[in-house]
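K.L.:
Questions regarding the structure given below will be posed in turn.
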Amino acid sequence: MNPIDDHDARDLLAPLAVEPGGAQRLDLEQIMRRGDKRRRARYLMTGVMSGAAVFVLAGGAAAVVRDAQSSSGVQAGASGTPSPYSSQAPAPDGTPMPSASQPPPPLPSAAAGTACVMAPLAGVSGPVETVDHTGHYTIEQHGNPDRQAMAVRTAVVRKDGRQIAAVTLPSSAGTEFAVNNKGEFVVTIRDSKKNGTPYAYADGKLTRLKGGAGVVATIADSGRLAGILNDQPVYWANASAEPTRLDLPEGFVRGGVGEIDQDGTMAGHVFTADMRSVALIWLPDGSTKVLPVPTHQNPTYLVGIRDGWVVGGTSQYGFRYNVATGRYEVLPAQGSNPQAVGGNGNVVAAPGTHTMYVLSGDTARRLAMGPEQESYGITGISDDGRIVTGNSFSGTDGSSAATAETTQAVTWTCD
């Protein structure tokens with residue numbers, strides 16, 4: 001199953017469809033908003049997958065743009081030496097990269113483990129917006145159910161189903177959340193024109209982040225935040241800090257951060273002036289590393305970084321990349337279309353219609369599904385790979401979770 005179909009590609013590229021002439025500004029926030037919607041929704045429909053999990057700045061959209069610009073990705077530099085992000089060379093550790101010159105062979109299957117048991121998420125009355133990496137903290141949003149209507153809403157923070165905070169949010173016509181293992185969260189507040197303003201909830205109060213309009217995408221357990229301001233990747237040391245702009249590699253002019261690992265490593269996408277892109281890793285020492293992805297294996301998207309593992313997918317397979325060793329691994333068949341990443345490279349994936357798996361080590365465990373639920377959304381997996389959190393949607397017409405008559409937060413336990 002391809003992560004992004006033609007309809008998704010058109011939707012993702014819509015903000016870039018401008019007439020040539022004069023300086024063109026790439027609206028990264030709009031692309032991020034579209035990509036973030038897919039990354040956080042992760043709906044698995046009966047008979048249809050509503051887009052891939054796209055990690056910040058719509059890595060999938062960016063890759064589609066790159067394909068539209070050049071069939072071989074970003075071109076070699078003036079010296080004729082292939083750039084690292086268009087090379088078909090092996091990964092840094094010598095692991096052979098998949099060939100793009102011919103259709104890939106069938107992916108091997110991982111050994112099947114015991115199925116993960118699904119149950120309603122205790123104490124939660126509505127859909128879960130996000131979950132922390134331990135599986136204990138969740139965020140719900142109460143208020144006007146029409147998410148596109150301007151309204152004042154309340155974010156409810158729970159730990160293991162018990163409410164620990166209820167935070168009144170500014171009036172919004174759209175929100176995106178992330179939460180850490182202390183129950184602190186970040187939220188991007190959208191106005192009626194979908195412009196974003198970043199906020200953080202920490203130390204018992206909601207604070208508008210400094211730096212102006214933009215997006216805050218992630219929060220680490222340390223309280224460090226990251227996202228995008230003025231088309232540039234930034235981080236905040238804490239909720240009261242000034243933003244710090246991150247360096248871009250030579251030849252790139254725009255970008256944004258999607259997620260922070262606990263050691264401070266950050267991952268996102270960066271863009272050239274002509275809208276080609278690569279996935280980029282910012283290391284704690286300030287240096288950067290381009291994610292090695294085979295040429296032609298597009299669209300490419302990321303779903304997250306955890307314990308040094310970056311997980312994402314192309315149009316043909318899922319992959320994980322170890323930042324420290326440079327090892328690039330193509331995931332087995334059950335890992336196609338990855339949705340979330342946990343500790344030690346654990347992955348949740350949706351490789352086929354109405355099928356989802358947890359990949360842990362060399363074992364794939366299928367997520368059980370009830371007979372009446374027609375669609376599901378994955379919000380996260382715990383670091384130990386034992387708890388998967390998400391939502392089920394019943395009564396949907398199969399086109400979107402917005403048509404669902406019943407929404408239930410659910411958890412899968414993988415003992």
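The values are calculated or read from the model by the stated rules, or taken from the named source; none is laboratory data. Owing to the predicted nature of the structure, the values given are computational and were not obtained by experimental measurement. FYI the Cβ positions are ideal-geometry reconstructions off the backbone, even for glycines, and counts take in every protein chain you see. With ligands, DNA and RNA removed, areas are computed over all heavy atoms of the protein, side chains included. Shrake-Rupley method; radii C 1.70, N 1.55, O 1.52, S 1.80 Å.
K.L.:
Just name one of SER240, GLY268, GLY223: the one whose Cα is farthest towards the positive end of the charge dipole of the stretch 207-273 (beta-carbon charges, Lys/Arg +1, Asp/Glu -1).
P.N.:
Going by the charge dipole, the pick is SER240.
K.L.:
Okay, moving on. To the nearest 10 square angstrom, what accessible area does VAL167 show with a 1.4 Å probe?
P.N.:
For VAL167, solvent-accessible area is about 10 Å².
K.L.:
How far, in nm, would the chain grow between THR363 and SER192 when pulled straight, counting 0.36 nm per residue and subtracting the alpha carbon separation?
P.N.:
Gain on stretching THR363 to SER192: 57.0 nm.
K.L.:
Quick one: of LYS159/LYS205; LYS182/LYS289; LYS159/LYS194, which pairs are farther than 21 Å apart, Cα to Cα? It would help to have the intermediate numbers written out before the result.
P.N.:
Working: LYS159/LYS205 18 Å; LYS182/LYS289 30 Å; LYS159/LYS194 30 Å.
Over 21 Å Cα-Cα: LYS182/LYS289; LYS159/LYS194.
K.L.:
Now, a different point. P(r) of the stretch 274-349 in 5 Å steps, Cα pairs, percent per bin?
P.N.:
Answer for the stretch 274-349: a P(r) of 3, 16, 29, 26, 16, 7, 2, 0 percent.
K.L.:
Taking only Cα atoms of the stretch 228-289, what ratio of Rg to Rh do you get with Rh as the Kirkwood inverse-distance radius?
P.N.:
Taking Rg over the Kirkwood Rh, I get 0.96.
K.L.:
Write down the Å³ per residue value for the convex hull defined by the alpha carbon atoms of the stretch 148-225.
P.N.:
Taking the convex hull of the Cα positions in the stretch 148-225, it is 84 Å³ per residue.
K.L.:
Now a separate question. Counting alpha carbon pairs within less than 8 Å and at least 6 residues apart, what relative contact order, in whole percent, applies to the stretch 232-307?
P.N.:
Here the relative contact order equals 22 percent.
K.L.:
Which order do peptides 170-178, 336-344 fall in by mean Cβ count within 10 Å, highest first?
P.N.:
336-344, 170-178
K.L.:
Turning to a different aspect of this structure: How large is the Kirkwood hydrodynamic radius of the stretch 210-257, in angstrom, based on all distinct alpha carbon pairs?
P.N.:
One decimal place: 10.8 Å for the Kirkwood radius.
K.L.:
Same structure again: What is the ratio of the Cα radius of gyration of the stretch 180-332 to 2.2 N^0.38 Å, where N is its residue count, to two decimals? Intermediate results must be reported in sequence, preceding the final value.
P.N.:
On the way: Rg = 15.7 Å, N = 153, 2.2 N^0.38 = 14.9 Å.
Its radius of gyration relative to the 2.2 N^0.38 Å reference: 1.05.
K.L.:
Taking amide H atoms as placed 1.01 Å from N in the peptide plane, list the residues 5 or more away in sequence, or in a different chain, whose amide H sits under 5 Å from that of SER222.
P.N.:
Under 5 Å from the amide H of SER222 lies no amide H from a residue far enough along the sequence or on another chain.
K.L.:
Taking the square root of 5 times each eigenvalue of the Cα gyration tensor, what semi-axes in Å does the equivalent ellipsoid of the stretch 180-250 have, largest first?
P.N.:
Gyration-tensor ellipsoid for the stretch 180-250: 19, 16, 10 Å.
K.L.:
Give the value in nm², to one decimal: projected area of the alpha carbon convex hull of the stretch 127-193, averaged over all directions.
P.N.:
Approximately 4.0 nm², given one-decimal rounding.
K.L.:
Please work out how much length the chain gains when fully extended from THR353 to ASP274, using 0.36 nm per residue of separation minus the C-alpha to C-alpha distance, in nm with one decimal.
P.N.:
Extra length from THR353 to ASP274 when fully extended: 24.8 nm.
K.L.:
Here's a follow-up. With the radius of gyration and the Kirkwood radius both derived from the Cα set of the stretch 297-392, what is their ratio Rg to Rh?
P.N.:
On the Cα set of the stretch 297-392, Rg over Rh gives 0.96.
K.L.:
Within the stretch 177-275, which trypsin sites (Lys or Arg not before Pro) sit in a loop by DSSP and count at most 13 neighbouring Cβ atoms inside 10 Å?
P.N.:
On the way: sites: LYS182, ARG190, LYS193, LYS194, LYS205, ARG208, LYS210, ARG224, ARG245, ARG254; in loops: LYS182, LYS193, LYS194, LYS210, ARG224.
Hits after loop and neighbour filter: LYS193, LYS194, LYS210.
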